[in-house]
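In what follows, a structure is listed as C-alpha cells, so that the remarks can point back to it.
Read-outs throughout are calculated quantities, based only on the coordinates presented, and are distinct from any laboratory measurement. None of these values were measured; they are calculated from a predicted model. Cβ atoms come from the backbone with ideal geometry, glycine included; neighbour counts cover every protein chain shown.
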Amino acid sequence: MKKDFLALTDWSKAELDQLFELTRKLKDQQKKGEPHELLKGKTLAMIFEKSSTRTRISFEVGMVQLGGHALFLHSDTTQMGRGEPIKDSGRVMGRYCDGIMIRTYSQDVVAELAQWSQVPVINGLTDLYHPCQLMADLFTVIEHKGGYEGLTFAWIGDGNNMANSWINAAAVFGFELQIATPKGYEPNPTVVTRAEQMGARIRYSNDPLTAADGADVLSTDVWASMGQEEEAEKRREAFVGYQLDNRVLAAAHPDAIVLHCLPAHRGEEISDAVIEGKQSVVFDEAENRLHVQKAILATLMG
C-alpha cells in the first residue's frame with residue numbers, strides 16, 4: 001500500500017525518526033562523495049502553482065543525486081491550469097511517474113491528488129502546512145543540539161503554514177512549544193484542537209518575549225506569505241514588535257539557535273544582526289531541505 005507525505009500528523013514519531021536516521025546517512029554519503037542511487041531510473045513529477053527557489057532546487061537536485069529524474073511542471077503550462085480535474089491529472093501522472101510532489105495553495109488539492117494517484121504524493125507546501133520544511137528544521141536542531149527531546153521551541157510571528165506545522169510537530173514529537181502571534185493572526189483553530197487532542201504541550205500568547213522566554217530554538221517566517229501581498233502593509237502595522245531581533249533573542253536560552261525557512265524580509269520579521277549572527281543556523285537549515293527530502297523520496301519511492 002502506497003504512503004504519502006501530506007502532513008506530519010499522518011506519520012508516527014517512530015516513522016519520522018527513521019526518516020531522520022536515513023537523512024543522516026544520506027547526508028554523510030553525499031558529503032563523502034559516495035554514490036547512493038536509491039531511485040535509479042525513477043521519475044518525480046513536480047507540480048508548482050506557487051513560485052519556488054529552495055523547494056524546486058532541493059527536490060530536483062535530490063532526485064539527480066538519488067539516480068532519478070525530476071520533471072518541473074508549472075500549472076500554467078499543464079492542463080491543470082486549464083481546469084482538468086485533479087483526479088484525472090493524478091491518475092495520468094501516476095501512470096507516467098513514480099512519485100508526485102506538489103506546491104500549491106489548498107491542502108484539499110494535495111489530499112485529492114493523493115486520493116486518486118497510485119503513486120506517492122509529497123506536500124511541497126500549501127497554505128495550511130509545510131511538512132518538508134519542518135522536517136529540515138528539526139533535523140537541523142538534531143545536528144546542533146544533539147536531539148529535540150527536552151528542548152523548548154518558540155514560534156514568533158504569523159499563525160501561518162509554518163506555525164501550523166510546528167504545532168503538528170509538537171503533537172507528534174512531544175516537545176514544548178511557545179507561540180506568539182498578534183491578535184487576529186493566530187494559527188488554524190482546527191490544527192490547534194487536533195494537537196490538543198493528541199496531548200501537545202503548547203503555550204499561546206500575544207507577547208514575543210513570553211514565547212522566547214527560556215527557548216532553546218527560535219523560529220519565524222515572513223509576515224505576509226504568497227497570496228497575501230495585498231495585506232502586506234496592514235500586516236506590517238499589526239506585527240510591530242514581533243521582529244526576531246536581539247531584544248527577543250536575549251529572552252531565550254543563552255545557547256539558543258535561530259531558524260527561518262526563507263526567504264527572509266530582513267528588517268521585518270527578523271533583524272539582519274540576528275540572521276547573520278552566531279546563533280543563526282538558517283543556511284544549515286536551508287541545506288537540510290535537500291537531505292531530508294532525499295530521505296522522504298527514498299522512503300516513499302524506493
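If you line up the long axis of helix 54-65 against the longest principal axis of the chain, both from Cα atoms, how many degrees apart are they, to the nearest 10? Around 50 degrees separate the two axes. Per residue, the chain reaches -13000 deg cm²/dmol at 222 nm when only DSSP H runs of four or more residues are counted, each adding -39500 (n - 2.57). Between Glu237 and Thr210, the contour length at 0.36 nm per residue exceeds the Cα-Cα span by 7.7 nm.
Extension gain for the segment Ala250 to Val92, taken as residue separation times 0.36 nm less the Cα-Cα distance, is 51.6 nm to one decimal. Once the C-beta distance of Lys183 and Glu287 is scaled by a Förster radius of 35 Å, the resulting FRET efficiency is 0.45 to the nearest 0.05. Rounded to the nearest 0.05, the FRET efficiency derived from the C-beta distance between Glu34 and Gln279 at R0 = 45 Å is 0.90. Taking a ≥ b ≥ c as the square roots of the eigenvalues of the Cα gyration tensor, an a/c ratio of 1.5 or more together with a/b larger than b/c marks the chain as prolate. Between amide H atoms placed 1.01 Å from N, distances below 5 Å from Asp127 occur with Ser106, Gln107, all of them 5 or more places distant or on a separate chain. The angle between the Cα long axis of helix 13-32 and the longest principal axis of the Cα atoms of the chain comes to about 80 degrees, rounded to the nearest 10. Taking 7 Å steps out from each Cα toward its Cβ at Lys25 and Gln228 produces label points 3.9 nm apart.
Taking the longest Cα principal axis of the chain as reference, the axis of helix 161-173 is set at about 90 degrees. Put simply, when 30-41, 54-65 are sorted by average Cβ atoms within 10 angstrom per residue, most first, you get 54-65, 30-41.
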